[in-house]
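Trainee: I'd like to ask you about the structure that follows.
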Amino acid sequence: MHKEFLMGNAAIARGAIAAGLDLICGYPGTPSTEVLETTAKNNKGDIYVEWSVNEKAAMELGAGAAYCGARTMVTMKQVGLNVAADPLMSLAYIGVKGGMVIMVADDPGPISSQTEQDTRHFAAFSKLPCFDPSSVQEAYDMIRDAFAYSEMYHTPVLFRPTTRVCHGYASIDVKDPEEYYTHKPEGFEKDPSKWVIFPKLSYNAHKNIEKRNIELSDVFSEYHRNAIILPAEPSCRKGIASHGISFTYVSEAIVDRSAPKLFKVSTPFPFPEKAAVEFLKDLDEVLCIEELDPVIERELTYVCGKYHLNTKIRGKLTGDVQTAGENTCDSVYCCIAEFMGWEKPAVKEMDAPPELPVRPPVLCAGCPHRASFYAVKTAMKGKKCVFCGDIGCYTLGNAMPLDMVDTCLCMGAGVNITQGIGRMDPGTTCFAFVGDSTFFASAITGAVNAVYNQADMTLIVLDNSTTAMTGHQPHPGTGHTMMGQVVDKVSIEAVLRGVGLKTVETVDPLDLETAVNTVKRVAEEKGVKAIIFKSPCAVLIKPEKPAVIDEDKCIGCKKCINSLGCPGIIISGGKVKIDSSLCTGCGLCSQVCPVDAIGGMDK
Amino acid sequence: MTNNILLCGVGGQGIVLTSKLTASAAMDKGYHVMSAETIGMAQKGGSVFSFLRIGNEMYSPMFGRKQADIIIAFEPAEAVRMLPYLSDSGCVIVNTHPVMPVTAVLKESSYNGEEMMNYLKGCVNDLVIVDGAKACRDLGSPKVLNMVMLGAAIRSGFLPFTIGDAERAMEKNVKSQFVELNKKALNYIS
């Protein structure tokens with residue numbers, strides 16, 4: 001045992017390695033990505049690590065490995081579980097042989113997600129046990145428990161940290177390699193009565209699952225991480241129930257205070273009912289401090305009804321806790337102070353601060369997506385168009401001045417949404433923008449759908465040869481794997497031609513004139529056609545010499561600034577200048593300047 | 001006893017690395033450390049913060065308003081943004097050099113950091129002003145701002161370790177060819 005300063009996600013990975021992990025797979029998504037990356041970085045070669053093309057593929061691959069008796073982990077963000085829901089729901093009935101932990105990171109806020117969905121509900125829906133760690137250390141330790149329960153009950157289990165656990169850091173106790181659990185997967189043993197899902201099997205499995213979950217509720221009532229902490233004053237008739245990172249905010253709030261009775265719920269499903277009854281005993285009122293949905297609050301309300309307990313349960317449902325967004329130390333303190341009748345601290349009013357500059361996320365200086373959006377915008381100027389976006393860095397193309405993302409829903413949706421708009425809004429020229437990783441993850445079916453159903457649309461693939469938004473993970477088009485192999489690249493152009501597109505043009509978006517002309521020509525064609533804008537992510541390449549503005553030529557029209565919104569172009573002392581610390585010399589602005597005043601970079 | 005430290009600035013200024021280094025120096029002294037920071041959508045150019053806690057009785061990696069013993073701000077507006085977290089007896093180390101956001105350029109706003117500095121001077125008793133741009137010019141590299149800021153923070157006496165401790169932590173975390181330069185940067189503010 002020794003101390004290390006680890007990120008929550010790294011702790012999860014290291015905990016899994018210490019628990020004898022054999023295989024890990026997943027799809028990148030904030031805040032889950034670093035679990036798989038850390039495993040790859042610490043892989044001595046005995047763990048199989050892969051980025052799968054999407055979460056469904058990963059879930060199925062992980063299932064196959066767990067059928068063999070391997071200890072398997074599948075990682076994704078919460079919306080990724082929607083993609084993997086199909087295999088998940090069936091796998092819950094089939095079960096596993098080796099321990100299988102499905103690591104799904106939730107994102108209260110949301111800080112970088114489309115939804116504030118709560119995976120604890122998914123656990124109840126799929127009837128799978130769920131573990132909810134509250135700190136980096138607990139995440140490290142709890143992974144071992146998750147594998148153990150999974151193997152003991154032959155079921156996959158969900159492990160769902162939230163962003164502040166995933167991305168929090170702490171100095172924690174970490175095992176030395178000689179303390180690791182070791183084992184060897186036995187391999188796949190044929191047994192159609194076990195591995196082939198049929199209605200009969202499902203009926204029997206359903207019965208067994210319900211029985212098991214009642215048993216697990218009792219087992220979890222004794223699980224030491226579902227803790228009841230007695231009040232400072234035995235006469236106190238108030239209690240607080242919480243979970244995850246919020247429990248640490250509760251703990252912070254009651255430092256130096258006469259603490260009420262506490263209930264920390266680490267397994268929201270199956271809910272530790274007996275422990276809950278024990279907690280509720282002698283309490284008049286309970287405040288539930290939760291993030292995302294009021295899962296504990298509903299469970300406790302149910303327990304009160306079932307056991308005829310006269311305890312008032314408060315929380316999100318009663319308006320005592322905010323219903324959306326993430327909790328903070330401050331928000332939790334306020335809720336508790338109100339509940340406990342504590343005086344709120346007097347706030348010394350400061351002078352109102354000056355108006356603060358807003359810093360929304362923007363496409364990086366030199367980002368090729370900027371050039372792609374600008375090319376399409378220029379080519380289609382004055383035409384009635386719809387630009388359906390997708391998930392990735394290029395969602396930021398919605399910001400002014402580009403303003404080129406009309407819709408964004410979920411991974412791979414844009415290619416289908418644009419078809420729907422085209423059907424009902426005739427006369428609109430339909431575009432869908434999709435990144436290379438998203439294309440492989442979930443846009444290929446949309447392309448096939450468009451071809452088969454005779455849609456009229458242009459698919460723009462923004463191919464920057466990486467999964468940029470989540471921190472540059474490889475994908476099928478990059479020719480690299482997480483096992484360090486160099487492999488054949490899957491060609492996006494060949495895929496599109498393979499599914500029946502006749503026109504697929506590959507263009508460098510930083511060659512503005514060619515890019516604009518290509519868009520004009522291709523958009524005119526009937527049917528489904530594609531343009532692949534291929535240029536590597538600016539973060540991954542060595543920058544060219546920065547651009548230089550010829551002050552004698554510059555007329556100060558600011559066209560470069562007002563049409564591109566590049567962070568590398570600034571105004572200093574009333575003049576347009578290049579911030580050479582940011583400029584990558586991509587040359588886009590020099591092609592936009594009406595008086596040819598920008599040069600300097602190597603082109 | 002817990003030290004609550006808040007580092008803030010703009011993406012790309014080296015805040016996350018500084019936070020790691022501070023944590024490393026504190027751990028070497030035997031302290032327990034927790035931290036939390038912005039990751040993800042906040043790419044280059046966004047507001048970035050890192051909460052860092054060193055000490056014993058602490059549960060959450062983040063802390064509440066009015067609890068920071070020290071704010072190390074790499075940019076004046078970001079110092080103002082995070083000021084509600086400063087405790088009444090806390091200290092602010094601030095770099096005077098402003099970073100213009102793209103939106104300010106588009107809207108032709110006149111943001112230059114001066115207003116922010118004046119506001120800080122008006123409401124922070126213990127304010128340490130660092131001319132980061134000058135420091136970087138003097139040291140010959142724009143990449144040493146973070147070490148200059150950390151050095152100034154240690155000198156303020158609000159961190160539980162010395163410049164020497166920070167140097168040793170830095171040596172472990174920085175490529176050998178940059179060690180000397182970073183040492184100079186740590187010692188720039190005396």
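No lab work stands behind these numbers, since they all come straight from the coordinates. As the structure is a prediction and not an experimental result, all values here were calculated from the model. Neighbour counts run over all protein chains shown; Cβ positions are idealised from the backbone, glycine included.
Trainee: Kindly put A:76, A:424 in sequence by how many other C-beta atoms sit within 10 Å of each C-beta, fewest to most. Don't skip to the answer; put the middle values down first.
Mentor: Details: A:76 30, A:424 7.
Final ranking by Cβ density, sparse to dense: A:424, A:76.
Trainee: Of A:175/B:183; A:545/B:134; A:77/B:175, which ones are farther than 30 Å apart at the Cα? Please report the intermediate quantities before stating the final value.
Mentor: Numbers: A:175/B:183 34 Å; A:545/B:134 24 Å; A:77/B:175 34 Å.
The pairs that break the limit, which is 30 Å between Cα atoms, are A:175/B:183; A:77/B:175.
Trainee: Please identify every one of the GluC sites (Glu not before Pro) in segment B:75-127 that sits in a loop by DSSP and has no more than 16 other beta carbons within 10 Å of its own beta carbon.
Mentor: Within segment B:75-127, the qualifying GluC sites (Glu not before Pro) (loop, at most 16 other Cβ atoms within 10 Å) are B:108.
Trainee: Here is a further query. Filter A:41/A:184; A:344/B:29; A:97/A:207; A:211/A:306; A:127/A:306; A:384/A:559 down to the pairs with a C-alpha to C-alpha distance above 26 Å, please. Intermediate results must be reported in sequence, preceding the final value.
Mentor: Working: A:41/A:184 22 Å; A:344/B:29 36 Å; A:97/A:207 19 Å; A:211/A:306 19 Å; A:127/A:306 20 Å; A:384/A:559 23 Å.
A:344/B:29, as the Cα separations exceed 26 Å there.
Trainee: Shielding of A:325-336 by partners, i.e. mean partner chain Cβ atoms within 10 Å per residue?
Mentor: Numbers: counts 0, 0, 0, 5, 8, 8, 1, 2, 2, 1, 0, 0.
That works out to 2 on average.
Trainee: Can I ask one more? Averaged across A:357-369, how many Cβ atoms of other chains sit within 10 Å of each residue's Cβ atom? Don't skip to the answer; put the middle values down first.
Mentor: Numbers: counts 19, 9, 17, 8, 9, 7, 4, 5, 3, 0, 1, 0, 0.
Across the residues of A:357-369, the mean count of other-chain Cβ atoms within 10 Å is 6.
Trainee: List the GluC sites (Glu not before Pro) within segment A:150-231 that DSSP assigns to loop and that have no more than 15 neighbouring Cβ atoms inside 10 Å. It would help to have the intermediate numbers written out before the result.
Mentor: On the way: sites: A:151, A:178, A:179, A:186, A:189, A:210, A:215, A:222; in loops: A:186, A:189.
Within segment A:150-231, the qualifying GluC sites (Glu not before Pro) (loop, at most 15 other Cβ atoms within 10 Å) are A:186, A:189.
Trainee: Under the classification rounded if a/c is under 1.5, otherwise prolate if a/b is larger than b/c and oblate if not, where does segment A:368-534 fall, given a ≥ b ≥ c as square roots of the Cα gyration tensor eigenvalues? Present the calculation step by step, with values, prior to reporting the outcome.
Mentor: On the way: a/c = 1.57, a/b = 1.35, b/c = 1.16.
Cα axes put segment A:368-534 in the prolate bin.
Trainee: Counting only other chains, and only Cβ atoms inside 10 Å, what mean value do you get across the residues of A:169-175? Intermediate values should be presented prior to the final figure.
Mentor: Numbers: counts 13, 9, 11, 3, 0, 0, 0.
That works out to 5 on average.
Trainee: Please give every one of the aspartates and glutamates within straight-line cross-link reach of residue A:575, meaning a C-alpha to C-alpha distance under 17 Å, and leave out same-chain neighbours fewer than 8 residues apart.
Mentor: A:550, A:551, A:552, A:596, B:108
Trainee: Within 10 Å of each residue's Cβ, count the other Cβ atoms and sort A:579, A:596 from fewest upward. Working shown, then result.
Mentor: On the way: A:579 17, A:596 10.
Ascending number of Cβ neighbours within 10 Å: A:596, A:579.
Trainee: Just rank A:438, A:182, A:115, A:478, fewest to most, by other beta-carbon atoms within 10 angstrom. Spell out each step's value before the answer.
Mentor: Numbers: A:438 26, A:182 8, A:115 13, A:478 20.
With the fewest neighbours first, A:438, A:182, A:115, A:478 line up as A:182, A:115, A:478, A:438.
Trainee: Sort A:562-574, A:580-592 by the packing proxy (mean of other Cβ within 10 Å over each peptide's residues), most packed first. Please report the intermediate quantities before stating the final value.
Mentor: Numbers: A:562-574: 18.3, A:580-592: 20.8.
Averaged packing, sorted descending, gives the order A:580-592, A:562-574.
Trainee: Net charge around residue A:10, counting only other residues with Cβ within less than 10 Å of its Cβ (Lys, Arg = +1; Asp, Glu = -1)? Let's see the in-between values first.
Mentor: Details: positive: A:14, A:41; negative: A:4, A:34, A:37.
Spelling it out: positives minus negatives among the neighbours equals -1.
Trainee: I've got another one for you. Any chance you could list the semi-axes, whole Å, largest first, of the equivalent ellipsoid that the Cα gyration tensor gives for segment A:2-197, using √(5λ)? Can you show the working numbers first?
Mentor: Working: eigenvalues 110, 85, 38 Å².
Values for segment A:2-197, descending: 23, 21, 14 Å.
Trainee: Moving on to the next point. Taking amide H positions as placed 1.01 Å from N in the peptide plane, with prolines and chain starts having none, which residues 5 or more places from residue A:241, or on another chain, fall under 5 Å of its amide H?
Mentor: A:263, A:287, A:288, A:289
Trainee: Which value in Å does the Kirkwood hydrodynamic radius of the protein assembly as shown take, with 1/r averaged over all unlike C-alpha pairs and then inverted?
Mentor: 28.4 Å
Trainee: Roughly how far apart, in whole Å, are the Cα centres of segment B:127-154 and segment A:61-92?
Mentor: If we compute the Cα centre of each part, the gap is 49 Å.
Trainee: Something else about it: State the Cα centre-to-centre distance between segment A:335-365 and segment A:1-53 in whole Å.
Mentor: What the calculation gives is 36 Å, centre to centre.
Trainee: With just the Cα atoms defining each centre, how far is segment A:487-528 from segment B:1-65? Give it in Å.
Mentor: Their Cα centres are 45 Å away from one another.
Trainee: Using only the Cα atoms of segment B:2-186, build the gyration tensor, take square roots of its eigenvalues as a ≥ b ≥ c, and label the shape rounded, prolate or oblate: rounded if a/c is under 1.5, else prolate if a/b is larger than b/c, else oblate.
Mentor: Details: a/c = 1.56, a/b = 1.20, b/c = 1.30.
Oblate is the answer for segment B:2-186, as a/c is 1.5 or above yet b/c matches or exceeds a/b.
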